[in-house]
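Comments concern the structure below.
The values are calculated or read from the model by the stated rules, or taken from the named source; none is laboratory data. These figures come from a predicted structure and were not determined experimentally. Heads up, the Cβs are rebuilt from the backbone with ideal geometry, glycines too, and the neighbour counts pull from every protein chain shown. To get the accessible areas, we keep the full protein, side chains included, count just its heavy atoms, and leave off ligands, DNA and RNA. Shrake-Rupley method; radii C 1.70, N 1.55, O 1.52, S 1.80 Å.
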Amino acid sequence: MLVQSIKTKNTSVIMEDVKIVYNLFFRNALYSLECYKEDRDFDNCNNYSFVENITDDEGEAETFLKRISKGKALPVHIKDLAEDYLN
């Protein structure tokens, strides 16, 4: 079940505008996070990430979601950020 979704727009000198979507899911009493670059190839790990079972705490999951979206984290970094934040 999708709990929350945030979309950001990243702009940099070396990269064109990229829209990044962060989706927080609640399934089997645990929260998981999906992150992807919109309109990109999901087979490329730089463009898509899904980290399952990051926490069972709703507040912690939502805080993490807001932090990564504010920092405009790219999909390739989501797993490492989740491990650092939640462990």
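First check a/c for segment 21-74, with a ≥ b ≥ c the square roots of the eigenvalues of its C-alpha gyration tensor; if it is under 1.5, answer rounded, and if not, answer prolate when a/b is larger than b/c or oblate otherwise.
Oblate, since a/c reaches 1.5 and b/c is not below a/b.
If you take the charge dipole of segment 1-52 about its Cα centre, with +1 on Lys and Arg Cβ and -1 on Asp and Glu Cβ, which of 24, 35, 47 is farthest toward its positive end?
24
Report, to the nearest 10°, how far helix 58-70 tilts away from the longest principal axis of the Cα atoms in the chain, using its own Cα long axis and a range of 0 to 90°.
Taking Cα atoms only, the helix is inclined about 10 degrees.
With the other protein chains left in place, how much accessible area per residue, in square angstrom, belongs to the chain at a 1.4 angstrom probe?
63
Can you tell me the relative contact order of the chain? Whole percent, Cα pairs under 8 Å, sequence separation 6 or more.
25
Ignoring ligands, DNA and RNA, what percent of the 1.4 Å accessible area of the chain is carbon and sulfur?
Using a 1.4 Å probe with all protein chains present, the chain comes out at 47 percent carbon and sulfur.
Less than 17 Å apart at the alpha-carbon level, and either on another chain or at least 8 residues along: which lysines does that give for residue 19?
List returned: 7, 9, 37, 66, 70, 72.
Let me spell out the model: positive unit charges on the Cβ of Lys and Arg, negative unit charges on the Cβ of Asp and Glu, origin at the Cα centre of the chain. What dipole size does that give, in debye rounded to 20?
360
For residue 59, what is the net charge nearby, where nearby means another residue's Cβ is under 13 Å from its Cβ and Lys, Arg count +1, Asp, Glu -1?
-3
Quick check: net charge around residue 19, other residues with Cβ under 10 Å of its Cβ, Lys/Arg +1 and Asp/Glu -1?
My count for the surroundings of residue 19 gives +1.
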